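S.K.: The structure follows.
Read-outs: derived from the displayed coordinates by stated rules, not from any lab. This one's a predicted model, so the numbers in the text were calculated from it and none came from an experiment. As a convention, Cβ positions derive from the backbone with ideal geometry for all residues, glycine included, and neighbour counts pool all protein chains shown.
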Amino acid sequence: MIKVGIIGATGYTGAELVRLLSRHTGAAIVALTSRSYPGEPFWRVYPHLKEHVDLACEDLDLPALVNRCDVVFTALPHGHAMEVAREVVRQGKRLIDLGADFRLQDPAVYERWYGVTHTAADLLPGAVYGLSELYRDRIREARIVANPGCYPTATLLALAPLLRRGLVDPAGIIVDAKSGVSGAGRKLDLRAHFSEVNENVRAYAVASHRHTPEIEQALSALAQVPVTISFTPHLIPMTRGILVTIYAPLRQEMTTGGLLEVYTAFYAGEPFVRILPEGILPQTKAVFGSNYCDIGVVADTRTGRVVVLAAVDNLVKGASGQAVQNMNIMFGVDETAGLSGPGIYP
Ligand SMILES: NC(=O)c1ccc[n+]([C@@H]2O[C@H](COP(=O)([O-])OP(=O)(O)OC[C@H]3O[C@@H](n4cnc5c(N)ncnc54)[C@H](OP(=O)(O)O)[C@@H]3O)[C@@H](O)[C@H]2O)c1
């Protein structure tokens with residue numbers, strides 16, 4: 001049994017980790033920490049988990065918590081996983097960070113985009129970017145896994161086959177993304193109030209979203225040349241889900257069928273990437289509550305561009321589901337444990 005601790009368990013990604021791990025037959029949660037609800041039974045914070053989780057929230061005693069666990073998940077705002085990582089490494093345990101602290105290999109880039117000093121830069125070379133489908137072999141051995149952001153997960157899975165096969169000009173990529181409100185976490189924020197979000201669609205962080213350098217770092221590694229993208233996220237009135245629509249210039253004329261063959265071969269055998277047949281496009285509702293990333297591809301022969309669409313549930317494949325998938329890889333158990341099955345529809 002893998003012994004798991006979750007630091008920051010009462011946020012949305014923390015609660016989703018608890019939900020997924022509560023039905024994982026090879027893992028047991030031994031500690032859930034919270035600053036706001038110490039001593040409170042977890043189900044009282046999240047009533048949907050009554051009868052499924054009998055632990056209470058506890059204050060964080062970092063050395064003692066790490067000592068009780070095989071793996072620690074940090075589901076905290078950025079800037080708080082570095083101290084945890086140091087203790088995890090000191091005790092020879094393993095960390096999966098759902099935040100951004102170990103995603104960017106260059107600490108100067110992290111500090112520029114996140115505005116905080118990186119206090120564990122010496123641990124960055126040993127951290128592995130946890131996009132399960134692309135870096136499985138390195139994740140298996142990793143002591144620190146940097147779980148990808150939600151937008152990067154959808155964007156990178158959508159673009160990886162094109163860049164690996166050199167089918168698009170990496171200089172002309174445009175990513176247009178839409179997210180549900182849970183992407184911003186549970187903390188109070190005026191912009192997430194019902195009356196602000198309902199019946200509204202708006203762009204935010206245009207040309208400045210923090211996921212941009214993370215996406216560019218991974219795309220550059222795939223393309224083997226420095227890649228920059230135009231990335232515009234939008235907030236839309238729904239709870240969960242991300243849909244990315246990506247435009248890229250094709251280097252040679254291709255049909256939709258030809259592109260789909262590339263994608264199908266690239267993701268052959270992947271349990272959580274579904275390549276949709278011609279004429280069917282991804283939608284957030286089809287992945288709601290599941291660990292799937294659905295991908296659709298269309299060749300726009302008139303403009304010479306390919307349009308790729310991908311949908312994920314931001315809290316599952318975009319965060320906690322992929323984190324559990326990474327845990328499964330790290331501990332050599334069935335990669336789909338705790339994650340299989342469809343989502344909820346409608
Ligand atoms: N939401 C998503 O879709 C998503 C997707 C991918 C990645 N992520 C990343 O995952 C991490 C967690 O996101 P989330 O959406 O779960 O956030 P959240 O709902 O705001 O939860 C974060 C939790 O961390 C604790 N916390 C807050 N400030 C803290 C501090 N200064 N020190 C220690 N603990 C603190 C809080 O719990 P207590 O007050 O009870 O301690 C809070 O509930 C973030 O880094 C986020 O960027 C989120």
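S.K.: Would you be so kind as to identify which of M238, P226, V109 lies farthest towards the positive end of the dipole of the chain, taking Lys and Arg as +1 and Asp and Glu as -1 on Cβ and the Cα centre as origin?
M.R.: M238
S.K.: Quote to one decimal, in nm, the extra length available between T232 and T117 on full extension: 0.36 nm per residue of separation minus the C-alpha distance between them.
M.R.: Between T232 and T117, full extension yields an extra 38.8 nm.
S.K.: Still on this structure, I have one more. What distance in nm lies between label points placed 7 Å from Cα along the C-beta direction at S208 and A221?
M.R.: Between S208 and A221, the label points sit 2.8 nm apart.
S.K.: Work out the length of the dipole vector of the range 246-346 about its Cα centre, built from +1 on the beta-carbon of each Lys and Arg and -1 on the beta-carbon of each Asp and Glu, and round it to the nearest 20 debye.
M.R.: Details: 6 positive and 9 negative charges, 55 e Å.
The dipole of the range 246-346 has a size of about 260 debye.
S.K.: Compute the long axis of helix 256-266 from its Cα atoms, compare it with the longest principal axis of the Cα atoms of the chain, and write down the angle in degrees, 0 to 90, nearest 10.
M.R.: Once rounded, one gets 30 degrees.
S.K.: Out of the GluC sites (Glu not before Pro) in the range 46-110, which ones are loop residues according to DSSP with at most 11 other C-beta atoms within 10 Å?
M.R.: E51
S.K.: Putting +1 on Lys and Arg Cβ atoms and -1 on Asp and Glu Cβ atoms, find which of A64, I6, A28 reaches farthest to the positive end of the dipole of the range 1-105.
M.R.: The one lying farthest along the dipole's positive direction is A28.
S.K.: To continue, here is another question. I'd like the orientation of helix 132-141 relative to the chain: the angle between its Cα long axis and the longest Cα principal axis, in ° from 0 to 90, rounded to 10.
M.R.: Between the helix axis and the principal axis of the chain, the angle is about 40 degrees.
S.K.: I've got another one for you. Would you kindly state how much longer the chain becomes between S195 and A56 on full extension, computed as 0.36 nm times their sequence separation minus their alpha carbon distance, in nm to one decimal? Could the numbers behind the result be given before it?
M.R.: On the way: separation 139, 0.36 × 139 = 50.04 nm, distance 3.35 nm.
Difference between extended and current length: 46.7 nm.
S.K.: Loop-only trypsin sites (Lys or Arg not before Pro) in the range 296-346, please: DSSP not H, G, I, E or B, and at most 11 other Cβ atoms within 10 Å.
M.R.: Filter output for the range 296-346: R302.
S.K.: What does the charge dipole of the chain about its Cα centre add up to, to the nearest 20 debye, if the Cβ of each Lys and Arg holds +1 and the Cβ of each Asp and Glu holds -1?
M.R.: 120
S.K.: I've got another one for you. For the range 190-343, what does the alpha-carbon gyration tensor say about shape, rounded, prolate or oblate, given a ≥ b ≥ c as the root eigenvalues, a/c under 1.5 as rounded, and a/b over b/c as prolate?
M.R.: It is rounded, given that a/c, with a ≥ b ≥ c, falls under 1.5.
S.K.: Restricting things to Cα coordinates, could you compute the convex hull volume per residue of the chain in Å³?
M.R.: Hull volume normalised by residue count: 135 Å³.
S.K.: Sticking with the crude label model, points 7 Å out along Cα→Cβ, report the distance from I280 to Q105 in nm, one decimal please.
M.R.: 3.7
S.K.: Please work out the Cα center distance from the range 1-18 to the range 208-228, rounded to the nearest Å.
M.R.: Between the Cα centres of the range 1-18 and the range 208-228 lies a distance of 29 Å.
S.K.: Counting each DSSP H run of 4 or more residues in the chain as -39500 (n - 2.57), what helix-only mean residue ellipticity at 222 nm follows after dividing by all residues, to the nearest 500 deg cm²/dmol?
M.R.: Helices in the chain give a 222 nm mean residue ellipticity of -8500 deg cm²/dmol.
S.K.: Of M1, M327, M82, M238, how do they rank once you tally other Cβ atoms within 10 Å and put the fewest first?
M.R.: Fewest-to-most Cβ neighbours within 10 Å comes out as M1, M238, M82, M327.
S.K.: For the chain, give me the percentage of DSSP beta bridges that are antiparallel, rounded to the nearest 5 percent.
M.R.: 45
S.K.: Charges on Cβ only, +1 for Lys and Arg, -1 for Asp and Glu, centred on the Cα centroid of the range 151-314; of T284, A158, F266, which one is farthest towards the dipole's positive end?
M.R.: T284
S.K.: Sort D137, D97, D70 so that the residue with the fewest other Cβ atoms within 10 Å of its own Cβ comes first and the one with the most comes last.
M.R.: In order of increasing Cβ crowding within 10 Å: D137, D70, D97.
S.K.: Let me ask something else about it. May I ask you to list the GluC sites (Glu not before Pro) in the range 139-219 that are in a DSSP loop and have at most 16 other Cβ atoms within 10 Å of their Cβ?
M.R.: E199
S.K.: Continuing with this model, one more query. To the nearest 20 debye, what is the magnitude of the charge dipole of the range 151-314 about its Cα centre, counting +1 on the Cβ of each Lys and Arg and -1 on the Cβ of each Asp and Glu?
M.R.: My answer is approximately 260 debye.
S.K.: According to the square roots a ≥ b ≥ c of the eigenvalues of the Cα gyration tensor, what is the shape class of the range 123-240, taking rounded for a/c under 1.5, prolate for a/b larger than b/c otherwise, and oblate for the remainder?
M.R.: The shape class here is oblate.
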